[in-house]
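The values are calculated or read from the model by the stated rules, or taken from the named source; none is laboratory data. Keep in mind that what you see is a predicted model, and the values were worked out from it rather than measured. In this analysis, Cβ positions are derived from the backbone assuming ideal geometry, glycine residues included, and neighbour counts consider all displayed protein chains.
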Amino acid sequence: MEQHLSAIFLYAAIIGYGVALLSALVLLVSGKRMFSVASLAIMAAAVLAHTIALAARTLEFGHPPITNLYEYMTVLAWFAALGHFFIIRAAKNDFIAAFTIAVILMLMFIAALLPGEGTKNLMPALRSYWLYIHVSAAAASEGFFAIGFASSILYLIKSGLRQGTPLRARLPEPRQLDDITYRTVVVGYVLFTLGALFAGAIWAYRAWGSFWSWDPKETTSLIVWIIYSIYLHLRINRKAEGRLPHLLSIIGFLAALVTFFSSMFLGGLHSYG
Amino acid sequence: MRRLMIFLSSIRLMLPLLGVLGLVALIGVIIPQDGDAAQYTRKYGSGFAAFLTANGWHHIFSSAWFLVPLALFCLNLLLCVGKRAGSLVRIVTGASRETPVKAFTWGAYGSLVLHAGLLFLVAGGIIQYYRGATQMVMLAEGEKQPAGDFPFSVALRHFTIDRNAEGATVNYRSGIDLIDRSDSLLRSGETRVNAPLSWKNFSLYQATYGYLPDAFKKADCSVIDSMGDTLFSGTLPFGKAVPMKGNNRLLLCDRFECDFVLDIQNRTIGSRSQNHNNPAFHFMIIQNDTAAASQWIFLNQTRRIPALADNIVSIEKYDPAFFSGIQIKKNAGTGFIWTGLASVSCGLLAIFLFPMRPRSQTSAPANPDSARPV
């Protein structure tokens with residue numbers, strides 16, 4: 001019953017994100033403020049439905065929904081939706097709000113394409129509290145990277161448009177986009193380093209006797225970490241301004257998606273679900 | 001010399017090095033590591049396979065492609081940490097005119113600790129690589145084996161599969177004794193998945209398990225004589241003779257094949273696989289310490305066996321005997337790794353909770369029209 005409930009609420013969340021995106025697009029075209037309120041209200045309802053779906057799935061299977069690729073992607077999208085609320089809405093710009101909803105919707109579609117079967121009975125290797133720390137922190141970090149990815153794309157679009165173009169005028173200020181990317185990457189980077197890499201390494205030591213095994217998922221995670229490390233060094237030390245850090249933010253999130261799928265195509269120690 | 005030192009400790013060197021390490025790691029992901037030449041030839045063709053094996057791309061993380069930029073990166077980090085630590089010492093001792101508040105915020109301390117922590121992590125990894133060692137032992141219950149070059153033997157007291165009420169596997173447990181060369185017990189305990197057993201700088205992990213192909217734990221067995229009297233009915237352990245009713249006869253199962261096959265040419269008996277597809281039990285009836293009769297019996301076979309004095313012997317079910325695969329790791333460098341993990345974690349939190357510069361300075365007035373490379 002709860003599984004049925006979680007599926008219903010998850011589809012409700014997808015529809016909600018879709019309608020919120022539609023409202024945001026109508027707002028961009030028409031400029032009528034009522035659509036801003038509608039988009040915000042529908043988005044809030046969609047996040048609520050998404051939260052209920054995750055809670056119902058937790059109750060159904062007796063553990064948080066972070067044990068296979070489908071569950072991981074739905075949790076990642078949920079964190080991105082939270083990031084949207086706390087960071088993007090504060091920016092008070094309709095364009096970036098619409099764009100991040102589109103990214104969240106894309107993540108939900110990816111989740112919907114993955115096999116959604118769950119299990120109550122986790123294999124012994126996954127029966128550890130490290131699972132909750134490691135995987136939820138990784139999903140949270142990538143949720144924030146997704147928001148940074150969206151704002152970096154907008155930054156590059158803005159930088160690619162000529163002065164005086166109507167679209168350029170409506171896009172957020174570069175400084176605002178730069179700030180959003182930086183803040184999301186900082187939160188994501190700390191979570192990724194502590195949760196995805198370090199908690200994962202400690203768990204690997206407990207389970208396999210080795211902190212690091214050059215497993216494909218570990219190595220692709222290291223690549224993600226390197227990309228964002230370069231981004232942060234460039235950004236903090238002001239070694240480069242403009243497009244390069246934003247290109248790195250985009251490549252970093254795409255690399256995180258490759259990491260997500262790496263166990264599917266490359267196998268290795270992380271081939272659980 | 002001073003300019004060289006400045007360059008070697010600079011971020012201008014560090015960023016390209018990180019990029020190179022990332023690219024090398026990417027090659028390590030794309031090309032399966034530690035394969036043999038034939039595998040690469042099958043996958044990539046002989047030309048590219050020869051190229052990648054000649055260049056060490058099949059062991060890229062222990063090749064110069066990775067180790068040289070890693071060494072340079074460590075040198076860069078070391079010099080960078082040294083430079084920052086030197087500044088800190090000068091400020092603390094008053095040798096610098098900069099005030100501590102202006103020059104060293106918590107974020108700056110964090111940066112120092114984080115970069116030093118990365119050095120600890122690399123050092124721990126190198127020590128583990130050169131000084132650590134791994135051995136694997138496969139043990140049947142009750143068996144003892146030397147643990148390779150390590151100064152002890154490992155004995156498996158029991159192997160258990162824990163199941164929940166639904167019958168799903170919850171964990172695998174091995175009761176283990178570590179015994180030194182003079183047969184003294186060093187450590188007795190249990191290793192489980194996610195919970196290794198430790199002794200000094202050794203850790204023992206529950207790595208694998210399986211059914212033994214040539215032994216079982218116990219079987220439910222019955223023997224009925226030609227008159228219809230039950231001579232034996234109950235549990236028969238493998239390899240142990242049990243008394244039968246009357247005439248001082250003993251029943252013994254002394255051999256087991258999990259996937260019985262008879263080689264007609266050589267007249268030999270064995271298993272065609274490690275799977276328990278066709279289990280067969282070799283029974284003996286012992287009378288006055290000599291084998292009076294013997295016969296192979298298959299599972300659920302109920303028929304009169306002339307070789308076993310016309311008795312009907314049947315095996316209804318049996319419990320397979322397990323072996324447990326224990327991985328033994330000699331830990332080296334773990335202290336460095338723990339220190340590194342703690343340092344980097346504290347450093348990260350310090351940097352981002354206490355930014356190194358005031359907020360107005362960290363928000364770059366990034367103008368997309370004035371993009372410039374590093």
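What's the total number of residues in the range A:132-151 that are of a type in the set (S, T, N, Q) and within 11 Å of the chain's Cα centre (by Cα)? Residues meeting the conditions: 1. The residues of the range A:205-242 that are at pLDDT 95 or above and touching a Phe, Trp or Tyr at 6+ places or on another chain (Cβ under 6 Å) amount to a single one, A:228.
Check the range A:56-64 and report whether any residue there is surrounded by 24 or more Cβ atoms within 10 Å (Cβ to Cβ), at pLDDT 90 or above and within 16 Å of the chain's Cα centre (by Cα).
No, every residue in the range A:56-64 fails to be surrounded by 24 or more Cβ atoms within 10 Å (Cβ to Cβ), at pLDDT 90 or above and within 16 Å of the chain's Cα centre (by Cα).
The set of residues from the range B:151-173 being under 13 Å from residue B:328 (Cα atoms) and buried (at least 16 other Cβ atoms within 10 Å of the Cβ) comprises B:152, B:153, B:154, B:155.
Among the residues making up the range B:28-58, those that are within 22 Å of residue A:213 (Cβ to Cβ) and either facing chain A (nearest Cβ under 10 Å) or touching a Ser or Thr at 6+ places or on another chain (Cβ under 8 Å) (or both) are B:28, B:29, B:30, B:32, B:33, B:34, B:40, B:56, B:57. A single entry from A:28, A:21 fulfils the requirement of being of a type outside the set (D, E, K, R), touching an Asp or Glu at 6+ places or on another chain (Cβ under 9 Å) and touching a residue at least 24 places away in the same chain (Cβ under 8 Å): A:28. Residues of the range B:141-150 that are of a type in the set (Asp, Glu) and surrounded by 18 or more Cβ atoms within 10 Å (Cβ to Cβ): B:141 alone. Residues that are in contact with a Leu (Cβ under 6 Å, 6 or more places away or on another chain) and in a loop (DSSP other than H, G, I, E, B) occur in the range B:214-228; there is at least one.
Among the residues of the range A:169-182, those that are in a helix (DSSP H, G or I) and more than 10 Å from chain B (Cβ to nearest Cβ) comprise A:169, A:170, A:180. When A:215, A:178 are checked against the criterion of being charged (D, E, K, R), buried (at least 20 other Cβ atoms within 10 Å of the Cβ) and closer than 30 Å to residue A:124 by Cα, a single residue qualifies: A:215. Scanning the range A:185-228 for residues that are among the small types (Gly, Ala, Ser), touching a residue at least 24 places away in the same chain (Cβ under 8 Å) and at the interface with chain B (Cβ under 7 Å from one of its Cβ atoms) yields a single hit, A:207.
The listed residues are B:287, B:327, B:295, B:274, and the only one of them that is modelled with pLDDT of 80 or more, more than 13 Å from chain A (Cβ to nearest Cβ) and closer than 29 Å to residue B:206 by Cα turns out to be B:274. If you go through the range B:260-296 and keep only what is surrounded by 15 or more Cβ atoms within 10 Å (Cβ to Cβ), under 32 Å from the mean Cα position of the chain (by Cα) and closer than 17 Å to residue B:319 by Cβ, you end up with B:276, B:279. If you scan the range A:152-168, which residues turn out to be in contact (Cβ under 8 Å) with a residue 12 or more places away in the chain and away from every other protein chain (no Cβ under 12 Å)? Matches in the range A:152-168: A:153 only.
One line per residue, one yes/no per condition, for (1) at pLDDT 90 or above; (2) of a type outside the set (S, T, N, Q); (3) touching a Lys or Arg at 6+ places or on another chain (Cβ under 8 Å); (4) closer than 30 Å to residue B:114 by Cβ:
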{"site": "B:14", "(1), (2), (3), (4)": "yes, yes, no, yes"}
{"site": "B:34", "(1), (2), (3), (4)": "no, yes, no, no"}
{"site": "B:84", "(1), (2), (3), (4)": "no, yes, no, yes"}
{"site": "B:100", "(1), (2), (3), (4)": "no, yes, no, yes"}
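Of the listed requirements (1) surrounded by 14 or more Cβ atoms within 10 Å (Cβ to Cβ); (2) closer than 30 Å to residue B:297 by Cβ, residue B:178 misses just one: (2).
For first residues located in the range B:1-20 and within 10 Å of chain A (Cβ to nearest Cβ), partners that are not in a helix (DSSP H, G or I) and lie 6+ apart or on another chain with Cβ distances below 8 Å form the pairs B:11/A:237; B:11/A:239; B:12/A:239; B:12/B:374; B:15/A:239; B:15/B:374.
The test for being modelled with pLDDT of 90 or more, aliphatic (A, V, I, L, M) and either surrounded by fewer than 20 Cβ atoms within 10 Å (Cβ to Cβ) or in contact with a Pro (Cβ under 8 Å, 6 or more places away or on another chain) (or both) holds for residue A:202.
Please work out if residue B:337 is crowded, with 16+ Cβ neighbours inside 10 Å, assigned to a strand (DSSP E or B) and not small (Gly, Ala, Ser). No, not satisfied.
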